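No value in this document is a laboratory result; all are computed from the given coordinates. Just so we're clear, the structure is a prediction, and the values are computed from it rather than from any experiment. Here the Cβ positions follow ideal geometry from the backbone for every residue, glycine too, while neighbour counts run over all protein chains shown.
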Amino acid sequence: MIVKEQVRTEMSADGAPRETFVINIGPQHPATHGVLRVKMTMDGEYVVRAEPVCGYIHRMQEKMGENRTYAQFLPNTSRIDYLSAMTYTHAFVGAVERAAKLQVPPRAEYIRVITSELNRISSHLVWWGAFLLDLGGFTPLLYAFDDREKILDLLEGITGSRLTYSYYRIGGLCNDVDDTFIKGTRAFVAQMRPRLKMYRGLVTDNIILRKRLIDIGPISKEMCRKYGATGPVIRGSGIPYDVRRVEPYSVYPEFDFIIPTFQEGDSMSRYLVRMEEMAQSLRIIEQALDKLPAGPVMAEKVPRVLKLPAGDYCYAVEAARGRFAVRIVSDNKEIPYRVKLRTPSLSNLSLFEEASAGMLLPDALALMGSLDLVIPDIDR
Amino acid sequence: MEAQEDSAQALKDCAPYVKFAKLDELLALGRANSLWPLTFGLACCAIEMMAAGASRFDLARFGAEVFRPSPRQADLMIVAGTINKKMAAAVKTLYDQMPEPKWVIAMGNCAISGGPFVFPGQYAVIEGVDKLFPVDVYIPGCPPRPEALIEGLLKLEEKLTGKRRWPIVKAE
Amino acid sequence: MSTNGLQPKIDSAQPASPPAAPAVPPKAALTTGQQSTVTSHQTPVTSDQSSVTSQQPTAPNPPSPVPSPQSPIPNPLAHLSLPFHGVDYAAKGYHVEATVAPDQVVLAAELLDKEGLSLDTITGVDWMAEGQMEVVYDYFHPAKALRVVVRTRIPRDKAEIATIQKVFPGANWHERETHDFFGIRFLGHPNLTPFLLPEDADYHPLRKDFAQ
């Protein structure tokens, strides 16, 4: 919906009158990746001020945390950021396990890593397809969804669900993986590498994409730090911050992978970070499959009625969009006292107002697409 | 009398080449075969809607792959996701902006009845899109599979044309 | 490739033509023969394990064993003027914590800003039984494992606290959200309007006495 609200005449810095108008992008818009409304004050084609308005998909996740037991809250975690649902569930069960001092068996940890990395690849594929759609290229979306269907087949075989898995349980997993999954995952890794190479030739090296993304939307290191931006946004600005490396969790220290980081801080850097991350996730999956130990997938003594000792507990993971952290405040009851979800998209979008000032409108949308937002992640 | 027999014979002769039908049925067939959905993905179900439009599940077979961004050009609103109290006014505006004839599919549990976000003391979710405007087809699931969305679309086509033109897939 | 007007950065080198081999090859390709060469418009700074200092032991089997009570918990912020103390990370998930008075939160933000930390999130906890609201500020360091929590308590019926928005502009949205949910007023905030709730919302849902 684009509604012209008002026309104002302002004086610009050099004294010439400048007529600005306000348009709404969203909340229903193909390029906002969800229900986000951006109030843009425009000077012709240039953005004077872009003010995101959120809350159109606020689903009371934190309030539900105070109304559900720890096990009952698990399905909610998948629906906060539905594209990287596994990693979000990982953060929540990790926080509960940390508080309850539960020892998760190694096999469960390795399978968690494998499924989280598969989830990361499928999330980046959706981002890639949708981003190219924003820029006007329709074909990569179909390629991306084709590859994604293969991942979803694998994950559906073990979890039963395609998008919002509730596969992890407090203390481990709900069921073990079978040979079909392991063979299928190896076959997927083998066929995905040439596909990534094809994407590089088809899209990344495309002159139109390069002209649209190089030098567009520069975000400095200082801006990232002041706004708390994480994930590919901060790695595209030259800071190699990845929770898997800086605050290691699960069995990530066992694997050999690099953190792709690019200096320039423009949209192309963020794009390349994600493309490289997909390749690195394939490496992690391969190593995890090679090292997968035998054993149980559920911790031994998980109480049926779980009460955490009073206090607050945190757990952070590297989701596809950035750093996702859960803070549980408990008062020794079955239901938490407070569940705080620190989501990456909120911090990443908060710098949009400052970063997009003075840009052309299509460039501002390219910047927004390169931030990789999922709006229910912001609104919770 | 001869003219009548002639015309009856003429009808028989041209039967392989000319078909006659009621205009209503013809229009209904045309509309059912080319439903143009509005891109109205709100939350998780939107991803399954996109997957239904992608190459594996392929809504294009049923004529419904042309997702229109503008409600003025769409005749089907697939409400995929949770309706919020803040968003409700926008949803109603979009529905009102769609020209007649228009249909609504409520995809996913949230659009049917608020989904997993209904709990005592809830303050933000509208419990079902049929509280705002009438719905033609409900597709349960959280999220429903793309095949379920296609089945919902076929049910809508059955509602439009009066008969179902595609086989029903039974579980083996 | 025409110049794209980039300010030359200290480390990156511009390759002459687009699909050029990268100047820094990625670390140790696996024997499976996969290749992850990056064809990019600038040299990537790929970090390997040694470039990021981590204070955490790389234990293979998480969670790390609970340290014995005798082993000292490190406190990297002991030199600051506010009462920061070290916390057992394996048990709690953060490294350093401080409970400060409400008029010291801006000072805490400035000190942590100088240390190079980044703002993680701001939130509130409604301790209705004690008649207090707790405001919790989370910070993280973008280069090393250092997660800091700053807490403060304010009275529930006069829930006001200064904004740290001038130190960390990212606090703008976090404070609006905390105001939405708890009704805490952040003094000096330029735009304390509803953020996640509807524009005309006059309720604060996460307060413990909220009833629909």
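Seen from all directions on average, the protein assembly as shown presents a Cα convex hull projection of 40.3 nm². The length gained by stretching the chain between A:Asp256 and A:Ser220 to full extension, at 0.36 nm per residue less their Cα-Cα distance, is 10.1 nm. Working note: Karplus 6.51/-1.76/1.60 with θ = phi - 60° gives the stretch A:154-160 the couplings 4, 6, 5, x, 9, 9, x Hz, where Gly and Pro are set to x. Mean projected area of the Cα convex hull of the stretch A:61-348, taken over all directions, amounts to 14.3 nm². Relative to the globular-protein estimate of 2.2 N^0.38 Å, the Cα radius of gyration of the stretch C:85-187 stands at 1.04.
Over the stretch A:169-259, the reciprocal of the mean inverse Cα-Cα separation, the Kirkwood hydrodynamic radius, stands at 17.2 Å. The magnitude of the dipole of the protein assembly as shown, with charges of +1 and -1 set on the Cβ of Lys/Arg and Asp/Glu and taken from the Cα centre, is near 980 debye. For chymotrypsin sites (Phe, Trp or Tyr not before Pro), the sites in the stretch A:113-157 that DSSP calls loop and that have at most 14 other Cβ atoms within 10 Å are A:Phe138. Computed from the Cβ-Cβ distance with R0 of 45 Å, the FRET efficiency linking B:Arg72 to A:Thr180 stands at 0.40. The C-alpha atoms of chain B define a longest principal axis, and helix B:44-53 lies at about 30 degrees to it. Projecting the Cα positions of B:Tyr123, B:Met49, B:Leu153 onto the charge dipole of the stretch B:35-160 (unit charges on Cβ atoms of Lys, Arg, Asp and Glu, taken about the Cα centre) puts B:Tyr123 furthest along the positive direction.
Summarising the label geometry, the points placed 7 Å from Cα in the beta-carbon direction at C:Asp200 and C:Glu160 lie 2.8 nm from one another.
Averaged over the residues of C:119-129, the number of partner chain Cβ atoms lying within 10 Å of the residue Cβ comes to 5.
Based on the reciprocal of the average 1/r between different C-alpha atoms, the Kirkwood radius for the stretch C:127-189 equals 12.7 Å. Using only the Cα atoms of chain B, each taken as one equal point scatterer with no solvent, compute I(q) by the Debye sum, divide by I(0), and report log10 of the ratio at q = 0.18 Å⁻¹. These q points yield log10 I(q)/I(0) values of -1.12. With respect to chain A, whose longest principal axis is taken over its alpha-carbon atoms, helix A:85-100 is tilted by about 50°. Other residues with beta-carbon under 14 Å from the beta-carbon of C:Leu82 carry, at +1 per Lys or Arg and -1 per Asp or Glu, a net charge of -3. Among the listed pairs A:Lys63/B:Lys85; B:Lys85/B:Lys159; A:Lys226/C:Lys144; B:Lys22/B:Lys163; B:Lys102/B:Lys155, a Cα-Cα separation exceeding 20 Å is found for B:Lys85/B:Lys159. Projecting the Cα positions of C:Gln132, C:Ala78, A:Met268 onto the charge dipole of the protein assembly as shown (unit charges on Cβ atoms of Lys, Arg, Asp and Glu, taken about the Cα centre) puts C:Ala78 furthest along the positive direction. Each Lys and Arg contributes +1 and each Asp and Glu -1, all at the Cβ; summed about the Cα centre of the stretch C:85-187, the dipole is approximately 140 debye. Please find, in a Gaussian network model of chain A (springs between Cα atoms separated by less than 10 Å), the residue of A:Arg210, A:Arg274, A:Arg304 whose mean-square fluctuation is greatest. Comparing A:Arg210, A:Arg274, A:Arg304 in the GNM, the peak value goes to A:Arg304.
The magnitude of the dipole of the stretch B:76-138, with charges of +1 and -1 set on the Cβ of Lys/Arg and Asp/Glu and taken from the Cα centre, is near 220 debye.
In plain terms, the chain from A:Lys101 to A:Ala187 could stretch by 27.3 nm, reckoned as 0.36 nm per residue minus the Cα-Cα distance. When only Cα pairs under 8 Å and 6 or more residues apart are kept, what is the percent relative contact order across chain B? Relative contact order here is 21 percent. How many angstrom separate the Cα center of the stretch B:133-170 from the Cα center of the stretch A:263-306? With the stretch B:133-170 and the stretch A:263-306 each reduced to a Cα centre, they are spaced 37 Å. Between the Cα long axis of helix A:179-199 and the first principal axis of chain A there is an angle of about 20°, rounded to the nearest 10. If you average the alpha carbon positions of the stretch B:42-97 and of the stretch A:118-182, how far apart do those two centres end up, in angstrom? Value for the Cα centre distance between the two parts: 21 Å.
Applying 1/(1 + (r/R0)^6) with R0 = 35 Å to the Cβ-Cβ distance of B:Trp36 and A:Phe21 gives a FRET efficiency near 0.70. Projecting the Cα atoms of A:Thr87, A:Ile57, A:Pro105 onto the charge dipole of the stretch A:46-116 (Cβ charges, centred on the Cα centre) puts A:Pro105 farthest toward the positive pole. By the beta-carbon count within 10 Å of each Cβ, the least crowded to most crowded order of A:His124, C:His79, fewest first, is C:His79, A:His124. Neighbours of B:Ser55 by Cβ distance under 9 Å: Lys/Arg scored +1, Asp/Glu scored -1, total -2.
Residues B:Ser34, A:Ser269 in ascending order of nearby Cβ atoms (within 10 Å, fewest first): B:Ser34, A:Ser269. The simple spin-label model puts a point 7 Å past each Cα toward its Cβ; for C:Ala101 and A:Leu202 those points are separated by 6.4 nm. Note on C:132-142: average number of Cβ atoms from other chains within 10 Å of each residue's Cβ is 4. For the pair A:Glu300 and A:Glu354 in one chain, pulling the backbone fully straight at 0.36 nm per residue adds 14.4 nm over the alpha carbon distance.
Within 14 Å, Cβ to Cβ, of A:Thr115, how many net charges do the neighbouring residues add up to if Lys/Arg are +1 and Asp/Glu are -1? Counting the neighbours of A:Thr115, the net charge comes to -1.
In this label model, A:Glu51 and C:Leu82 are separated by 3.0 nm, measuring between points 7 Å along each Cα→Cβ vector. Residue by residue along A:229-237, Cβ atoms of other protein chains within 10 Å of the local Cβ number 1 on average.
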